[in-house]
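Beneath this line is the structure, given in structure tokens, with notes to follow.
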Amino acid sequence: MNTVTDYEMHLFHEGTLYESYRLFGAHLIKENERTYTRFCVWAPNAQSVRLVGNFNGWNGERFQLHRVNKEGIYSIYVNENMEGCIYKYEVITQDGRRILKSDPFSFFSEVRPRTASIVYSLEDYEWNDHEWIKKRQERNQLTEPMTIYEVHMGSWRKRKDESYLSYKELAAELIPYVKELGFTHIELLPLTEHPLDESWGYQGTGYYSVTSRYGTPKEFMHFIDQCHLNDIGVILDWVPGHFCKDEHGLFQFDGSSLYEYETHADRENLVWGTANFNLGKKEVQSFLISNARFWMEYYHIDGLRIDAVANILYWPNRYGENNPYGTGFLKKLNQTVITYDPSFMLMAEDSTAWPGVTYPVQYGGLGFNYKWNMGWMNDILMYMEASPEQRKHLHGKITFSLLYAFTENFVLPLSHDEVVHGKKSLLNKMPGDYWQKFAQYRLLLGLMMAHPGKKLLFMGFELGQFDEWKDQSQLDWNLLDFPMHQKLNAYVKELLALYKRSKPLYELDSLSRGFEWVDVNNHQQSIFSFIRKGKEEKEHLVVVCNFTERVYHDYRIGVPQEGSYQEIINSDHDKFGGSRLINTGQIQTERIEFHGKPFSVKMTIPPLGLSILRPVNQRKERKKNGQEKVRSHAISWRKRKPASLIDKESS
């Protein structure tokens, strides 16, 4: 019989049982052609624990769990296959109260508002993503393009009756849509089981149970599998700092503060009405680090975005005092996960100035791969919400991020948090009339793609929504019936495609040598110009942004290389909804030193627009008849586009 071993129990209490899900929860055990079910739970301060459910009329008299060690691990073996059975633990507390708890390690749960656990086997799913996993492990993610589409599964799209799409339906509809847009990753708002739809998953109860709102665990495996088969990575939002206080969950699990801190000040998370995990307790460390490993092993996810890192780094009710248990936990978590799989991504949603968030633990850091750049997000949105006339007084909101852009490995986030609770949609944050809003929105997205750092955008941004995110209804898909929104959508696709094929926009994201200002001081005109560089010495792009409505012809810009340049994207193109003040053909450099550069070009600067120039690198190629021709990389790119677009641009 498969029993609970002393070694497993020792590791769990030591805080190093990183596969706790193999010990705890409900497991189907097959031995000697028979299948029985083992249940195991940790409840050290309970008088007793019983197993109750639909198999015994919720009467646990004959289903008493046996206490297998003094530290309070309980177990029971039921001599039958209980797959599909609904169950809870009946806990008798020290003061004699009877409380019903769902299983902290259950793999599946009832659909809310029901709260019981379900016996479910995660074994025997046939994965097809071996090639994806192999390629992921061979890549250097820091030097590759990364664009993340953040998704709330419940409101991306709905059925006609307003019910949720299933994991299988989302696999059929969401994945090809994201692939067509050009994103490299999907980030999913938390899918751990949670009782309240309006919490978006950030207040969970079932950390090992993928939410049953959208289907079964194996149907979610199918979703991940299909993402990987379509070359899309999957990042899962994860909340190891605090949890929901609903009575069936982890809170006061055995009548005492088991998973949460004991003192009121440390336990209570007053902002969210939740309880903070006791990150100093060894068993809680085993529970949470195992959970990270669990999502990696059973669901093949590619990364975790750790929510509310500030809440872990600092005591919530102690006015900025560092929490040593929190920092120790994060280092232990990150080291353990990266040791298990170095290709896995760990992303910190951190709003603090904590140093070394993405430095390895052995060098004094916290050990994350990436940190959300919340400072950039706040500054850029404050700048964009100001009127063009006021922006000359806010010039530093654009330039400041470059003072620290290379101190961490950053992700630039325009996430769900920026388009809810009265903050307005991204498009509607832009000042001015209808045309100006779209022009500035295109400019914002273009600058984001050109700025150092990986990119994250919340679903619906590509539609140009005027309303902020409504979590109870689907995105405003009807907007694509209108020309301006269609053109914005086309711009998004071309911008993402340009980003993915332009090495200077991602190869040196975390290194200062990948960025150089051309003109950083032009606050009077609110024009910014800079260079993004690739690993190859001559591989670079010149980016020019104009944050006012004024048009400039024959505007001189300093460039580092002699020859000619070609505009590869202009947000003011009429196919994107602009006024078509673009730069056609090749722009020849002049031997006129400008902006501290040895050469310069004259170009048209569009209103509220972005222009990106690429040097035309001449190379000679042999024709079949032996004659030589000159061809440029920029022209090669144009020939890869649909002929209709080439004709339109050339006319």
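The values are calculated or read from the model by the stated rules, or taken from the named source; none is laboratory data. This structure is a prediction, so every number in the text was calculated from the model and none was measured. Virtual Cβ from ideal backbone geometry, glycine too; neighbours counted across all protein chains shown.
Does the range 430-439 contain any residue that is of a type in the set (Ser, Thr, Tyr), in a helix (DSSP H, G or I), more than 18 Å from the chain's Cα centre (by Cα) and modelled with pLDDT of 95 or more? Yes, that holds for at least one residue.
Here 275, 310 are screened, and the one residue that is assigned to a strand (DSSP E or B) and without any contact (Cβ under 8 Å) to a residue 60 or more places away in the chain is 275. Residue check: is residue 460 at positive phi and either touching a helix residue (DSSP H, G or I) at 6+ places or on another chain (Cβ under 6 Å) or surrounded by fewer than 16 Cβ atoms within 10 Å (Cβ to Cβ) (or both)? Criteria not met by residue 460. Entry remark, the range 82-108: residues being of a type in the set (A, V, I, L, M, F, W, C), surrounded by 20 or more Cβ atoms within 10 Å (Cβ to Cβ) and not in a loop (DSSP other than H, G, I, E, B) number 1 in total.
Being crowded, with 21+ Cβ neighbours inside 10 Å, among the hydrophobic types (A, V, I, L, M, F, W, C) and within 18 Å of the chain's Cα centre (by Cα), is that true of even one residue in the range 268-291? No, because not a single residue in the range 268-291 is crowded, with 21+ Cβ neighbours inside 10 Å, among the hydrophobic types (A, V, I, L, M, F, W, C) and within 18 Å of the chain's Cα centre (by Cα). Suppose the filter is assigned to a helix (DSSP H, G or I) and either in the same structural domain as residue 43 (by TED's automatic domain parsing) or surrounded by fewer than 22 Cβ atoms within 10 Å (Cβ to Cβ) (or both); does residue 297 pass it? In short, yes. Looking only at the range 459-476, decide whether some residue is closer than 19 Å to residue 610 by Cβ and among the hydrophobic types (A, V, I, L, M, F, W, C). Taking every residue of the range 459-476 in turn, at least one turns out to be closer than 19 Å to residue 610 by Cβ and among the hydrophobic types (A, V, I, L, M, F, W, C). A single member of 402, 381 is part of a helix (DSSP H, G or I), under 19 Å from residue 451 (Cβ atoms) and touching a Lys or Arg at 6+ places or on another chain (Cβ under 8 Å), and it is 381. For the range 162-194: of the residues being crowded, with 22+ Cβ neighbours inside 10 Å and aromatic (Phe, Trp, Tyr), which is farthest from residue 222 (Cα to Cα)? Going through the qualifying residues, I end up with 183. The set of residues from the range 345-368 being within 16 Å of residue 141 (Cα to Cα) and either surrounded by fewer than 20 Cβ atoms within 10 Å (Cβ to Cβ) or of a type in the set (Ser, Thr, Tyr) (or both) comprises 358, 359, 360.
The set of residues in the range 220-258 that are without any contact (Cβ under 8 Å) to a residue 60 or more places away in the chain, aromatic (Phe, Trp, Tyr) and either more than 30 Å from residue 150 (Cα to Cα) or in a loop (DSSP other than H, G, I, E, B) (or both) contains only 251. Do we have any residue at all in the range 288-299 that's at pLDDT 95 or above, over 24 Å from residue 12 (Cβ atoms) and not aliphatic (A, V, I, L, M)? No: the range 288-299 contains no residue that is at pLDDT 95 or above, over 24 Å from residue 12 (Cβ atoms) and not aliphatic (A, V, I, L, M). From the list 559, 551, 544, the one residue that fits, being among the β-branched types (Val, Ile, Thr), surrounded by fewer than 19 Cβ atoms within 10 Å (Cβ to Cβ) and in contact (Cβ under 8 Å) with a residue 12 or more places away in the chain, is 551. Take the conditions (1) farther than 21 Å from residue 110 by Cα; (2) in contact with a Pro (Cβ under 8 Å, 6 or more places away or on another chain); residue 208 misses just one of them, which is (1). The requirement of being at pLDDT 95 or above, over 30 Å from residue 369 (Cα atoms) and among the hydrophobic types (A, V, I, L, M, F, W, C) is fulfilled somewhere in the range 389-410, by at least one residue. Evaluating residue 487 against the criteria (1) closer than 20 Å to residue 602 by Cβ; (2) touching a helix residue (DSSP H, G or I) at 6+ places or on another chain (Cβ under 6 Å) leaves one unmet condition, (1).
Residues are listed down the side, and each one gets a yes or a no for (1) of a type in the set (Lys, Arg); (2) under 25 Å from residue 505 (Cβ atoms); (3) part of a helix (DSSP H, G or I):
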residue	(1), (2), (3)
357	no, yes, no
375	no, yes, yes
418	no, yes, yes
448	no, yes, yes
468	no, no, no
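Residue 387 fulfils the conditions (1) out of contact with any Pro (no Cβ under 8 Å at 6 or more places or on another chain); (2) over 30 Å from residue 135 (Cβ atoms) except for a single criterion, (1).
Okay, residues lined up against (1) outside the structural domain of residue 98 (by TED's automatic domain parsing); (2) in contact with a Ser or Thr (Cβ under 9 Å, 6 or more places away or on another chain); (3) in a loop (DSSP other than H, G, I, E, B); (4) surrounded by fewer than 17 Cβ atoms within 10 Å (Cβ to Cβ):
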position	(1), (2), (3), (4)
26	no, yes, no, no
36	no, no, no, no
41	no, yes, no, no
46	no, yes, yes, no
50	no, no, no, no
57	no, no, yes, yes
62	no, no, yes, yes
71	no, no, yes, yes
80	no, yes, yes, yes
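Pairs are defined by a Cβ separation below 7 Å, a sequence spacing of at least 6 or placement on different chains, a first member in the range 13-27 that is closer than 17 Å to residue 82 by Cβ, and a second member that is aliphatic (A, V, I, L, M) and assigned to a loop (DSSP other than H, G, I, E, B); the pairs so defined are 26/119.
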